[in-house]
Structures are given as structure tokens and as C-alpha cells.
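This report refers to the structure that appears directly beneath it.
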Amino acid sequence: MDKIIMKPNKSSPKIGHCTSPVRIFLADDHQVAREGLRKVLCSEADIEIVGEADNASDVLRLVEELKPQVVLTDIKISGLDSCELSHKLKGVYPPVKVVFLTGYEAEPYVTEALYNGINGFLTKDCPLELLSNAIRVVACGGSVWQGDLLESASKNFVKFVNAKAEGRSPAGEYSSATINVIPQDVLSPRELEILIMVARGYTNKEISVNLDYAEITIKKYVKGIMTKLNVSNRTLAGIAAAKFGLV
């Protein structure tokens, strides 16, 4: 996994210790993902899960009501793009901090998160200790980012801003126009099932739990799917699934 860059606020307490419990809210349209997060984070004495939701409208309503310090959200959530959701969250409760916790690792997502003032970007396979410390840092005004992705996103940030200003898509090579292989024509039923889960943001570990396969087997499946679709990463595979009506 990539290195993680944490930038604590100068007034933050020492990492690993908070003077009072950090109130967090879970936003993910996958019940399995929320249950997994709830299970691991409930073991942290200074982290309190105050609510959760599987769609944007409920997230907005409950965050306004419950006033958590940090919202952990997937990039893809029913009802809104998460960057739009973040803006609306700031509207209903301005102090809230937003961290993307997702299975999508492509650089354009990180660049857009930077552009929209998101407080952090982590992948779902990050270790519990790292996730817990990230929550503490963000709650105290800091930020947390996936290191290698942040470096790449920072290099392309000016291009991204210029593309936005000119009304062009900043996604570039991630455009669906470059994807021409129809998944239904080349993938087996099991591969299609796995592709759909990839498109919905599931990590290899989550897919392995759902299908009762070894994680290394799922990794091989995903690699084979990308080869058959002639794409270079799982984000493009997910875009292919969406383009041809699988999700």
C-alpha cells in the first residue's frame, strides 16, 4: 500500500490521543462496508460512531441533526457524487470534516478531492491503526492523504484547474470514450459478478468475503478482468461496467 501523509494542525493533540471522543458518521451504500467499519472503530475508546446512512439525502439530514466532527464517505454513494455531497454537508453543518474512504485509487479522484477541499483520502484496505489516527488528525483540523496518489495529483492539479475553467473534462485518459470492449461479450458470469462489485467500490477483501473466495483468488480474477477489457486499472474496469449498463 502507498505511504500515507498526515498533516496535523499545530493545535492538534498528540496522534493516538484525543481529549474527548471523536464523533464520526459513516456514509456508504454497502452495508457490509459499514458493518466492517463499525466493528473495527468501535474498539477505539476515543472514537464514537454517532450515525450512518446509505444514501445522500439521509446523510445530509442526519449530519445536520447529529453534528458529527468527521464524515467517512465512499466516493460513490447513492444520490450524489461525494464531492457534491461534501459541499452540501458544509452547507448544513459547516464545521464538519470529510474523509473519502474508498476502493477507488485512481489519481483523478484524488485531484478532484484536493480541488474540492476534502480533508482526507484513504483506501479501504488501510490498517485500523492508520485509519484511527487519520480520524483523530482530521478531527483536530489536520489532513490525511494517500502519499503516492497525492504526489501525482499535485503534479496534475494545475492542468485539472485549467480544464475546469475551460469547461473541459479533467478526467483525460479516464474517459469512457477510450473503453470499447463490452464486458458481457468477453467475461464469464463469475467475472461479471466480480466486475459489478469492483464498479461499486468493493475492495478485493470485501469481494472475497462476499463470495467466500480467498483474497488472492479475487486478485487474480480482477487482473484477468482488466486484461480481457483491455484496461489498465480497476477504476477503468468500473467505468466499463457503468458504460455498458452493468451498474
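The values are calculated or read from the model by the stated rules, or taken from the named source; none is laboratory data. Predicted, not measured: the structure shown is a model, and the values here were computed from it. Positions of Cβ are backbone-derived with ideal geometry, glycine not excepted, and every protein chain shown enters the neighbour counts.
Gly79 falls short on exactly one of the conditions (1) over 12 Å from the mean Cα position of the chain (by Cα); (2) at pLDDT 85 or above; (3) not charged (D, E, K, R), and that condition is (2).
Return yes or no: is Glu64 modelled with pLDDT of 85 or more and among the acidic types (Asp, Glu)? The answer is yes for Glu64. The condition (being more than 24 Å from Asp74 (Cα to Cα) and crowded, with 17+ Cβ neighbours inside 10 Å) is satisfied by just one residue among Leu195, Leu229, Leu246: Leu229. Is it fair to say Leu85 is farther than 12 Å from Ile24 by Cβ, in a helix (DSSP H, G or I) and without any contact (Cβ under 8 Å) to a residue 40 or more places away in the chain? So Leu85 does not fit the description; no.
Among helices (runs of 4 or more DSSP H) entirely within region 143-236, having at least 1 residues that are at pLDDT 70 or above and in contact with a helix residue (DSSP H, G or I) (Cβ under 8 Å, 6 or more places away or on another chain) singles out 183-186, 189-199, 204-211, 215-229. Note on region 47-105: residues that are under 13 Å from Asn119 (Cβ atoms) and aromatic (Phe, Trp, Tyr) total 1.
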